[in-house]
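Heads up: the structure comes next, in structure tokens.
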Amino acid sequence: MHSELLVRALTGISAETTADEFRVRAGIRSKPIAENVLDFLSNNGIGTLSGSKIIFSNADKLKIAILAVKMGCDIEQISEKLTWKDFEALSSKILRLAGYKTAIHVTFLKPRMEIDVVGLKSQFAITVDCKHWKHGSISILSFYAKRQIERTKILLIKRSNISSAIPIILTLHSTKVLFINGTPIVPITKFGSFLDGLEDNLSQVNVLYR
């Protein structure tokens, strides 16, 4: 299965669809190829046949994205097909693949704040602020990095099971990892490798402690 067809499948699926409706939305001209894509998805536990309809769950879009990543498709291409909700879920999935327990939309009332994604391993946390930017100036990135540091400090105060944390900004379109006052600005294309090499690069990172 060509990974490009999986990217097309991201736009083809819906909660309930027929094979032909899927083919048209996905922009696949050939009916046999569209059917092969659907068969491939089914063989990987994505989509359920119900009469003439194919039923997709809320998680199936993310499953396709992860499958495409594993097949070598450019994650930026995939991310552009995802909604904010999908993007945050994909970030959470990458954290879980790296051994973290995750929570999405972690909120506190006093003061009122929300962290998009929190990954936890032992008593160490990574707090993620997801930004859907094609470009971000250093001044804008610095502003949001400062806010993410403030949120992370509050998390450390509120959650006694977390002893240290790293605030990061996760973007869709950047091409390399930047560090602004020790806060990593990480493109989602590099998120997995960033997590894999984190222990070796802690000297560059602003680690916050209780």
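The values are calculated or read from the model by the stated rules, or taken from the named source; none is laboratory data. Predicted model, so just to flag it, every value in this text is computed and none were measured. Ideal geometry is used to build each Cβ from the backbone, glycine not excepted, and the neighbour counts take in all protein chains shown. For the accessible areas, the whole protein counts, side chains as well, though only heavy atoms, and no ligand, DNA or RNA atoms are used. Shrake-Rupley method; radii C 1.70, N 1.55, O 1.52, S 1.80 Å.
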Can you work out the PRE-style zone for Ser142? Point 7 Å along Cα to Cβ, and I want the residues of region 179-203 with backbone N under 16 Å.
179-185
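Quick one: Cα convex hull volume of region 142-184, Å³ per residue?
Once divided by residue count, the hull of region 142-184 is 77 Å³.
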Taking every Cα atom in region 110-172, find the radius of gyration and the maximum pairwise distance Dmax, and write them in Å.
12.2, 37
Two-decimal ratio, region 21-170, of alpha-carbon radius of gyration to 2.2 N^0.38 Å:
1.28
Write down the Kirkwood hydrodynamic radius of region 120-210, to one decimal in angstroms, obtained as one divided by the mean of 1/r over all alpha carbon pairs.
13.2
Theoretical gain in end-to-end length, Ile33 to Gln123 [0.36 nm per residue, Cα-Cα removed]
27.6 nm
For the chain, what are the DSSP H helices with axial Cα length of 27 Å or more and mean Kyte-Doolittle hydropathy of at least -0.5?
138-158
Can you return the lysines within cross-link range of Lys85? Criterion is Cα-Cα under 22 Å, with same-chain partners fewer than 8 residues away left out.
Lys61, Lys63, Lys70, Lys93, Lys101, Lys131, Lys134, Lys190
Amide H of Leu170 versus every other amide H placed in the peptide plane: which residues, excluding those fewer than 5 positions away on the same chain, fall under 5 Å?
Asp129, Cys130, Lys131, Val186
For the chain, give the share of DSSP beta bridges that are antiparallel, in percent and rounded to the nearest 5; count only bridges with both residues there.
70
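Over the chain, average the accessible area per residue using a 1.4 Å probe and give it in Å², no decimals.
Each residue of the chain exposes 53 Å² on average to a 1.4 Å probe.
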